[in-house]
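Every number in this text was worked out from the coordinates using simple rules, so none of it is lab data. Please read these numbers as outputs of a predicted model, since none were measured by experiment. No Cβ is skipped: glycine too gets one built from the backbone with ideal geometry, and neighbour counts run over all protein chains shown.
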Amino acid sequence: MSSAAAGPQPRNSLLGSLKDVLNAAGRDSTAPGGAITPLAAQMQPVPPLPDMAAKVAEALASANEPAPTPAASPSAADAARDAKGAPKPLDALADADRPPTTRVFRQPSRSAVEEPARTSLVRGKQHVKRGAFETDPVVGWLVVVGGPGIGQFRPIFEGNNTVGRSATNRIAIDFGDDAISGEEQGYIRYDSSDRSFLFVPNLAKTNVVSLNERRPTAAVELQAMDVITMGRTQLVFVPFCGAEFDWSALADG
């Protein structure tokens, strides 16, 4: 029954009953044609939540993607060309798009390497040709064993040899000892006729020369390992020619 058939309600009663509330809800949901629309039909469909498995797969795929390769830094020539506004050559543009390549270097084969000539084998007695001396032959040495230039040596030649600090001497003891006279301090003479060595001091010089701790005043025959002292320098005499050998013996043979 409707509210009109039931008669007027008292003023102090509640505003409508549960039936009135339902009827009011029915009037609000009544379609324009008078039909009642179901409540489920009036509700808007809720869009479905995104698939979590799809999101996880998408995240994994993006993580496995290779990182972009950084562009190769331009060379000095390309930088200068870009600054001037000149276009790059076609081959440079093509090389910029190409991936880097690996070059393989191989060692040349043994046949390609030029080998030194082999040493020839000498069989039997060989005849050695002897010619003329191009320089004065050495007949002995003076070896510095004390003072400036220790360990150095000077050759002794056949004939008369002047000994002094100046380079004009045949035997120049020029290792920095200024106590040795610049001119000839003494003489060493080798005579191939009797194969003997003589030491002759220059008595005109104020600097005294000693031989084996003695101060000779005349010519003295030198023996192997004699010690000559000049200034602050000690020299040991080492003969090469002598009683057992002389260059003239080779010329006679």
Sequence-separation-based contact order of the stretch 138-249, relative, with Cα cut under 8 Å and 6+ spacing, percent: 27
What's the exposure ranking of Leu142, Leu121, Leu235, Leu250, going from fewest to most Cβ atoms within 10 Å? Leu121, Leu250, Leu142, Leu235
Near-label residues of the stretch 132-146 by backbone N, under 20 Å of a point 7 Å along Cα→Cβ of Arg214: none
When the Kirkwood hydrodynamic radius is evaluated over all pairs of different C-alpha atoms of the stretch 114-253, what value in angstrom, to one decimal, is obtained? 16.8
Point-to-point label distance, Ser193-Ile150, nm (Cα→Cβ direction, 7 Å offset): 4.2
Segment Ala249-Ala132, length gained on full extension (0.36 nm per residue, minus Cα span): 40.8 nm
Could you list Lys125, Lys205 in order of exposure, starting from the residue whose Cβ has the fewest other Cβ atoms within 10 Å? Lys125, Lys205
Which order do Met230, Met225 fall in if you start with the one that has the fewest other Cβ atoms within 10 Å? Met225, Met230
